[in-house]
Amino acid sequence: MFKLPYEFLLSWRYTRAKRRNGFISFISLSSMIGIALGITALITVLSIMNGFQQELRERILGMTAHMTLTEADNRLRDWQSVYSQVIDYPKILGAAPNISEQAMLTGSGEVKGTMIRGVLPEQEGQVSDIENQMVLGSFEQLQPKAYQIILGSELASTLGVSLGDKVTVIAPQGTVSPLGVVPRIKRFTVIGVFEAGMHEYDSGMAFIHLKDAQTLFKYGEAVGGLQLKIDDLFKVFEVREDLGKHLTGRYYVRDWTQQHVNFFKAIEMEKRMMFIVLALIIMVAAFNIVSTMVMVVTDKQSDIAVLRTIGASPFNIQSIFILQGLIIGSIGVILGLIGGISLASNIDVIVPLIEQLLGFQFFPADVYYISKVPSLIIWSDVYSVAIVAFVLTLIATLYPAWRASKIQPAEALRYE
């Protein structure tokens, strides 16, 4: 039959025993609760930040492709040939040509700088979710040579236009005349309004047919690039290397990590700083164990002396109190993990309940695009939190255990 070391049995007995000094038990309990609350708060906050990051990433990538393939001058001339090469590639789910150019839009006396995107409606759905984000009109209504346009919801509101109204597009690619360079101007009919849930897109983007964009921006038969959607957006580097071997010709690839690198780096930095700040709560609770163990060592001096007298080494004494501190910390870590995972998993139920009790919304739908608090548990974050808490607990036990190992039996038993 397997027997536990006596150091563990003694440390467990000291942890659950009722002490003469009730204050020690109170400090032990407060240390457990502090560690549990710190871990619960840290896991919950990290899960909410992961949820917001995922929500924003999905909204950004809902309007742009995972990768864009183009040539040196940002013109892709024989895009049909490139399309036929990449569409059968196993990791690519869809491809669509597009033209993205800056232009000025005027309507109802208002002027707004806008990103004009020329697309093929029948193929754009392979790389973006624009069809599901239409609030007025239909994306499939875009027809070539009809000069129709689909505006973002905030852009339409700024220009004061709706379905059937006219807007004027002023392209920077001008026409040379005896009077100088005259900007290209064309009237478009508004046939749709979309709402992506991102201010950048809703207030500064419009869609027209690819053929109209080629005429307006003087592209001829070329396009700006070929947008690609891959099966796993986190494998863009792997797909980029494979495409370099698969394609015949010299092409340039831009992926979503390059296009929005500063945005996602800022979110990642914020998450790291939040981890450090909230880890301080765990650190404070863990170092409460120091005061607990110091008082326990003082309370158990006679026990230590007896153990040393019957043959226990300083290392054995040190192990007893390290194990006792780790038991206290481990209980707090387990409770914190249970609390944090439970809270993060049910945040979509808890937040509405709190809003109902307090009588206000944290994120009103008429003010914020994301009106619900999202949550995403990433298990690597959970493991990191548990490891950090356990290590801090271990560090907190070292000094009291070392102090216990230095107690001399004769000195401890002098007044017993």
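Just so you know, all these numbers are worked out from the coordinates, no wet-lab data involved. These numbers come from a predicted model, not from an experiment. In this analysis, Cβ positions are derived from the backbone assuming ideal geometry, glycine residues included, and neighbour counts consider all displayed protein chains.
Only helices enter the 222 nm calculation for the chain: every DSSP H run of n ≥ 4 contributes -39,500 (n - 2.57), and dividing by all residues gives -17000 deg cm²/dmol, rounded to 500. Measure up LYS112/LYS166; LYS91/LYS372; LYS211/LYS265 against 26 Å on the Cα-Cα distance and list the ones that go over. Table pairs above 26 Å Cα-Cα are LYS91/LYS372; LYS211/LYS265.
Between the beta carbons of TYR89 and VAL277, assuming R0 = 51 Å, the FRET efficiency works out to 0.70 to the nearest 0.05. When only Cα pairs below 8 angstrom with a gap of at least 6 residues are kept, region 260-416 shows a relative contact order of 45 percent.
The stretch between SER291 and PHE360 holds 20.6 nm of extra length on full extension. This uses 0.36 nm per residue minus the Cα-Cα distance. Within region 282-311, list the residues whose amide N lies under 16 Å from a label point set 7 Å along Cα→Cβ of ASN346. Inside the label zone: nothing. Find, among the GluC sites (Glu not before Pro) in region 192-277, those assigned to loop by DSSP (not H, G, I, E, B) with at most 10 other beta-carbon atoms within 10 angstrom. Filter output for region 192-277: GLU221. Expressed as a whole percent, how much of the Cα-Cα distance distribution for the chain exceeds 32 Å? The share of Cα pairs beyond 32 Å in the chain comes to 57 percent.
Annotation for ASP165 and PHE234: the two label points, set 7 Å from Cα along the Cα-Cβ direction, are 4.4 nm apart. Each Cα pair under 8 Å and six or more residues apart adds its sequence gap; the mean of these over the residue count of the chain is a relative contact order of 28 percent.
Near TRP79: Cβ cut-off under 13 Å, other residues only, Lys/Arg at +1 and Asp/Glu at -1. The net charge is -1. Taking the DSSP bridge list for region 99-250 and keeping only pairs wholly inside it, about 75 percent are antiparallel.
Counted over the chain, the DSSP beta bridges are approximately 80% antiparallel. Compared with the direct C-alpha span, the chain from LYS218 to GLN54 gains 55.3 nm at full extension, assuming 0.36 nm per residue. Across region 61-191, the relative contact order, built from alpha-carbon pairs under 8 Å that are at least six residues apart, equals 23 percent. Please work out whether region 59-195 counts as rounded, prolate or oblate from its C-alpha gyration tensor, where a ≥ b ≥ c are the square roots of the eigenvalues and a/c under 1.5 means rounded, while otherwise a/b larger than b/c means prolate and anything else oblate? Because a/c hits 1.5 or more and a/b fails to exceed b/c, region 59-195 counts as oblate. Kindly provide the pair-distance distribution of region 154-243 built from C-alpha pairs, with 10 Å bins from 0 and whole-percent values in order of increasing distance. Percent of Cα pairs in each bin: 13, 30, 32, 19, 7, 0.
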